[in-house]
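Just below is one structure, and these are the notes that go with it.
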Amino acid sequence: MNKIIAKKQLSEDVFRMEIEAPYIAESRKAGQFIILQLDNHFGERIPLTIADANEDKGTITIIYQAVGKTTINLSRLNEGDYIENLLGPLGMPTKIENVGTVVCVGGGIGVAPLHPIVQAYKKAGNKVISIIGARNKDLLIMEEDIKKWSDEVIICTDDGSYGRKDLVTAPLKELCEGNIPNEVIAIGPPIMMKFVSETTRPFNVHTMVSLNTIMVDGTGMCGGCRVTVGGETKFVCVDGPEFDGHKVDFDNMMLRQKSYKSQEAEATHKCRIGLTHGGEK
């Protein structure tokens, strides 16, 4: 059982939650994630990146968007409530080295898992330039957290309500055309990570992306998180979640994600029909 220590709503459906998990807090590294299950009997297992940790308090911080059954139920819990199961830290940590200049690109909720990576790169002595984006100002998260560990922060919004009215790839291209960065890491929607990778490809900039695929067990057993990287099958939960963005088959990944969502919607629809018919009887 893991106690919820603090909870804060960041935007309309995005929440920050600090949870008691001393062993995970002590051993986690940037880029790793947990598997969360609200209860033992009917709880779905979902992967969530560790956005921060406090070893002294023995807590980890997660930031999530309430978009599905489990995350909506999670958002209904409050300080003092308990989560039955947390498994972690899982996945391979980010390879952090002093390489020079690193550009960290985050889109939407992807800014949350980007935060510990920005922090780690800065602590390693790098110059860190962060580009964070959202559809509008109200959906932008963790701006101050990112600024704390960045030498420069560029903010983009789709509607121009805050920062630049641009996609995150626009300032990234400008940076590559100037003093080419030594490394780029991107976290966000798959389509964003794909175009970040295509933006850096002509400049031959080492580009890592953190993938968020369908995941069940988080230990490589189910195969639901498989992706094609450099023509080989990889499992996001054990081989990743970070991969060379220039080698990831994003089109195949997005097709698989879309397929899972279609199947889930169909199953939900059939379930609702069954429940309705059952009620009529």
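The values are calculated or read from the model by the stated rules, or taken from the named source; none is laboratory data. This structure is a prediction, so every number in the text was calculated from the model and none was measured. Glycine also receives a Cβ, built like all others from the backbone with ideal geometry; neighbour counts cover every protein chain displayed.
General remarks:
- Residue count for the range 40-70, restricted to those that are part of a helix (DSSP H, G or I) and crowded, with 20+ Cβ neighbours inside 10 Å: 0.
Yes/no matrix, rows are residues, columns are (1) free of Cβ contacts under 8 Å to residues at least 60 places away in the same chain; (2) out of contact with any Pro (no Cβ under 7 Å at 6 or more places or on another chain):
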position: Q65; (1), (2): yes, yes
position: S75; (1), (2): no, yes
position: G108; (1), (2): no, no
position: V111; (1), (2): no, yes
position: R135; (1), (2): yes, yes
position: D138; (1), (2): no, yes
position: I141; (1), (2): no, yes
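- Set side by side, the residues I34, I132, I96 differ, and just one is outside the structural domain of G188 (by TED's automatic domain parsing), closer than 22 Å to L211 by Cβ and modelled with pLDDT of 95 or more, which is I96.
- Residues of the range 32-39 include at least one that is surrounded by fewer than 19 Cβ atoms within 10 Å (Cβ to Cβ) and in contact (Cβ under 8 Å) with a residue 24 or more places away in the chain.
- Residues located in the range 40-62, provided they are under 23 Å from T213 (Cα atoms) and free of Cβ contacts under 8 Å to residues at least 24 places away in the same chain: F42, L48
- Scanning the range 203-223 for any residue that is assigned to a helix (DSSP H, G or I), within 17 Å of V168 (Cα to Cα) and modelled with pLDDT of 95 or more turns up at least one such residue.
- Applying the set (1) over 26 Å from F235 (Cα atoms); (2) within 13 Å of the chain's Cα centre (by Cα) to G80 leaves exactly one unmet item: (2).
- If you go through the range 83-116 and keep only what is closer than 17 Å to P189 by Cα and in contact with a Gly (Cβ under 9 Å, 6 or more places away or on another chain), you end up with V105, G106, G107, G108, I109, G110, V111, A112, P113, L114, H115.
- Selection count where residues are on the phi > 0 side of the Ramachandran plot and at pLDDT 95 or above, scope the range 99-122: 1
- Some residue of the range 181-199 being touching a Phe, Trp or Tyr at 6+ places or on another chain (Cβ under 6 Å), touching a residue at least 24 places away in the same chain (Cβ under 8 Å) and among the hydrophobic types (A, V, I, L, M, F, W, C): no
- Residues that are of a type in the set (A, V, I, L, M, F, W, C) and in a strand (DSSP E or B), drawn from the range 107-147: V128, I129, I131, I132, A134
- Residues being at pLDDT 95 or above and surrounded by fewer than 18 Cβ atoms within 10 Å (Cβ to Cβ) - total across the range 9-22: 1
- For the range 78-85, the count of residues that are touching a strand residue (DSSP E or B) at 6+ places or on another chain (Cβ under 6 Å), closer than 16 Å to L48 by Cβ and crowded, with 16+ Cβ neighbours inside 10 Å is nonzero.
- Residue satisfying all of: in the range 171-200; in contact with a strand residue (DSSP E or B) (Cβ under 8 Å, 6 or more places away or on another chain) and surrounded by fewer than 16 Cβ atoms within 10 Å (Cβ to Cβ); modelled with the highest pLDDT among these: P189
- S150 polar (S, T, N, Q) and not in a loop (DSSP other than H, G, I, E, B): no
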